[in-house]
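Asker: Dropping a structure here in structure tokens format, bear with me for questions.
The values are calculated or read from the model by the stated rules, or taken from the named source; none is laboratory data. Because the structure is predicted, anything quoted here is derived from the model rather than measured. Note that each Cβ is placed from the backbone with ideal geometry, even for glycine, and that neighbours are counted across all protein chains shown.
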Amino acid sequence: MTPATPAVVPLGEAAWTLVLGETVDPKIHERVTELAARIAAASLPGILEIVPAYAAVTVFFDPDQADADELRQALGSLSRTVPSAPGVERRSGGSEPAAPTLPDSRTIIIPVRYDGPDLDFVAQRTALDRAEVIRRHSAREYRVYLLGFAPGFAYLGDLDPALVLPRRAEPRTRVPAGSVAIAGAQTAVYPLNTPGGWHLIGTTPLRMFDPVRNPAALLHAGDRVRFEPAE
């Protein structure tokens, strides 16, 4: 169930998590990105980092610079300014704010050579030919739900239902940076050489993470991504 007003719960002694729902849903994620933007704009003292996820926002703070209880109250007040997702009832006595003004999101085009070692396996398991796998993967616009696992690793959704497959039974010990992959209902680009259990269907020359770039990660939560087949 999606709460009308996010719960604010502790994550250790120096972080608060604002919970907006329990499922992966684009409408909930719109509220997540808006709330994260409102918290950032408020410039509350002592905040170190704001981390949006699928259905929650975690705020890390310096206990020497911010009173935990006062920060919790401030975050609770900000959360009440975020409109409910469609179909969610508000608590009695509240009024629905104006339609949300979402933070600006970018559309990033990622060129892909569909030459991944698992492309034939994906085609076989989905009963599609290679060209149809490529067409379906590149036809959608994906939402960046969150970054995690490794620096710059963005979880993108939602994948075409026909391409949804479980992770590999045996993860690889090394997946090259730039590998375009799918697993479950999501797709991603590996930003670094890391182990990984997703199905590799292509490669891109774009650097998803560059420590000397500002910002270092190419993508951030709320961005939109399109994959463009390249020779």
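Asker: Consider L20 carefully, then state whether it is within 25 Å of Q186 (Cβ to Cβ), hydrophobic (A, V, I, L, M, F, W, C), buried (at least 21 other Cβ atoms within 10 Å of the Cβ) and touching a residue at least 12 places away in the same chain (Cβ under 8 Å). Talk me through it step by step, then tell me what you get.
Answerer: On the way: within 25 Å of Q186 (Cβ to Cβ): yes; hydrophobic (A, V, I, L, M, F, W, C): yes; buried (at least 21 other Cβ atoms within 10 Å of the Cβ): yes; touching a residue at least 12 places away in the same chain (Cβ under 8 Å): yes.
Considered against the rule, which asks whether it is within 25 Å of Q186 (Cβ to Cβ), hydrophobic (A, V, I, L, M, F, W, C), buried (at least 21 other Cβ atoms within 10 Å of the Cβ) and touching a residue at least 12 places away in the same chain (Cβ under 8 Å), L20 comes out as yes.
Asker: I would also like to ask the following. So, in segment 147-202, exactly how many residues are surrounded by fewer than 22 Cβ atoms within 10 Å (Cβ to Cβ) and part of a loop (DSSP other than H, G, I, E, B)?
Answerer: 22
Asker: Right, here's the next one. Considering only residues that are part of a loop (DSSP other than H, G, I, E, B) and touching a strand residue (DSSP E or B) at 6+ places or on another chain (Cβ under 9 Å), which ones fall in segment 51-68?
Answerer: A53, Y54, A55, D62, Q65, A66
Asker: If only one of L18, L78, L71, L48 is of a type in the set (A, V, I, L, M, F, W, C), part of a helix (DSSP H, G or I) and modelled with pLDDT of 95 or more, which one is it? Full working, then the answer.
Answerer: Values: L18 fails: part of a helix (DSSP H, G or I); L78 fails: modelled with pLDDT of 95 or more; L48 fails: part of a helix (DSSP H, G or I).
Answer to the selection: L71.
Asker: Which residues, taken from segment 112-159, are polar (S, T, N, Q), free of Cβ contacts under 8 Å to residues at least 40 places away in the same chain and closer than 20 Å to P191 by Cα?
Answerer: Within segment 112-159, none qualify.
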